[in-house]
Each structure stands twice: as C-alpha cells, then as structure tokens.
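Please read the structure below before turning to the comments.
A short reminder: the numbers here are calculations on the coordinates, not readings from a lab. Since we're looking at a predicted model, the values are computed, not measured. We place every Cβ from the backbone using ideal geometry, glycine too, and count neighbours over all the protein chains shown.
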Amino acid sequence: MRVREMVLASAGLATMWLCAGSARAEYVVLRSGARLSVTSYELRGDKYRLQMVGGVAEVPAAEVLGIEPQDVFDPLPKPLTDTAPFSEIIRQASSRYGVDANLIHCLIAVESNFNPKAVSRRNARGLMQIMPKTATHLGVKNIFDPQENVDAGTRYLREMLARYNNDLTLALAAYNAGPDKVERYGRRVPPYAETRLYVQRISRNYAKIRSASGQPTAEDSAAGLVAGQ
C-alpha cells in the first residue's frame, strides 16, 4: 500500500481511537503532515509497524518525522498487581536494587506501554527504553529480553536516584534526557517539552498510586522511592 493510501486508511482508525477513551497513545508524525494516533509501534528494518485501535499499518521509516507523546492520563493509575504485565520481573528488580516496584511499573507504562520490543525514534529499546550504549555499559546481552531490560533499567534508575539524593524529578529527567543534560542546566529539568511531559506523567501516576494506597507521596517522603517503604 502506498504511503498516501495508508494515511487515508489510517485517518479513520485515528478517529476511532479518539472515541476509544483512556488508552495511552502517541502520535506518529509523517512527512505528509499527517499525525497518526498509535497505541504501540515497533521499528522493523526500514519500516515502522504501527498498532492502532482497529488495525495495524506499516510505514517506511523515511516517512516518519517523529513520534510524540500524547498528553492522555488514566483517571486513576492502577498499582502493580500479580496479574500486571511482567509483575514478577518488576518485583525481582525492585527487591534487588531497592526501588519501589510501583515506580518501575509507572516508568515502564510511559516508556513502552509494556511492549518488550518497542524501539523509539532515538533507538531506545525494550520495556524500559534503554539506549544501546547504556545497555553495553550495564552489561546487557539481549536488550529486548524483558528480564535483562528491566534489571538494567532499574539499576540505572537507582543510580540516578542516588546521584540526585532521591529527588524523583531530577532522577526521571536524567533517565530521559541523560544526566549530562541535567547538569548542564544547573541540576534542573532540561527545557525540553518531551522531558518535562515525561517527568510529569510518571510523577503524577506514581503519586496517585501512593496516595490511593495510603502512602506518603514522593514529594512528602523521599524514602518512599525505596522498595517497601
């Protein structure tokens, strides 16, 4: 199917998504100017495979200008349960590195929407969207393996929390944009719309989960970021 025909067909699917409600989504922006609402995407060779409500489409990677987060929030994010995707792997990493399992859960939801094969336009990969260079530094052999990916991503998040004295905002900004960018801007969140929205989404969802469970929010208790507190 030619790109123009695919875009026209996808427009109807995008409209269906707008009626679907609260599912997390992102916009795939094409050179033609079209913005497609997708619930997940995967880079396969020289094409993006896009999952949308109602079907799947493939787009040449050269036609994709960018992938942008859509500011859609669940009414009340659910805490990690035994039936949640990858719950056992998340709990193992939480116990191993002392990071709250619900924080890992929230981060994965925003990073990849629990798609272990997700690849971003910047080439971040897997459940916790780890860059290949970072994966090599952390000793990851298979970046798409859920257990390796979550283990490495949690370890890296723990490093960022330690570096910024359990300041969740700065740790998340560093996880997204890199600690060098946080340092460049005087240990503040870099002035990038993507990073600011990323920090906002995870912090808001995590705070709602902690509040619903009767725990102090991260703003009230830095120790709350540590597993089991």
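Data overview
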item	result
Calculated FRET value between LEU65 and ARG44, using beta carbons and R₀ = 22 Å, to 0.05	0.75
³J(HN,Hα), Karplus 6.51/-1.76/1.60, whole Hz, each residue of the stretch 165-177, x for Gly, Pro	6, 6, 7, 4, 4, 5, 5, 5, 4, 5, 4, 7, 9
Which of TYR41, TYR97, TYR185, TYR27 has the fewest Cβ neighbours within 10 Å, and the rest in rising order	TYR185, TYR27, TYR97, TYR41
Gain in span if fully extended, GLU58 to HIS137, counting 0.36 nm per residue against the direct Cα distance	25.2 nm
Exposure proxy order (Cβ contacts within 10 Å, fewest to most) of GLU63, GLU88, GLU26	GLU88, GLU63, GLU26
Hydrodynamic radius of the stretch 87-225 per Kirkwood, over alpha carbon pairs, in Å	14.9
Qualifying trypsin sites (Lys or Arg not before Pro) for the stretch 86-140 [loop in DSSP, other Cβ within 10 Å: at most 11]	ARG122
Sites ARG31 and ARG196 - FRET efficiency at Förster radius 25 Å, r taken between beta-carbons, to 0.05	0.45
Pairwise label distance in nanometres, THR81 with PHE114, each label 7 Å out on the Cα-Cβ vector	1.1
Proximal lysines relative to LYS208, as straight alpha-carbon distance under 25 Å, when same-chain residues fewer than 8 apart are discounted	LYS78
Measure of compaction for the stretch 120-197 (Cα Rg per 2.2 N^0.38 Å)	1.08
Residue-count net charge about ALA173 - beta-carbon cut-off 13 Å; Lys, Arg +1, Asp, Glu -1	+3
Backbone HN-Hα couplings from phi across the stretch 133-138 [Karplus 6.51/-1.76/1.60, Hz, Gly and Pro as x]	5, 5, 4, 4, 4, 8
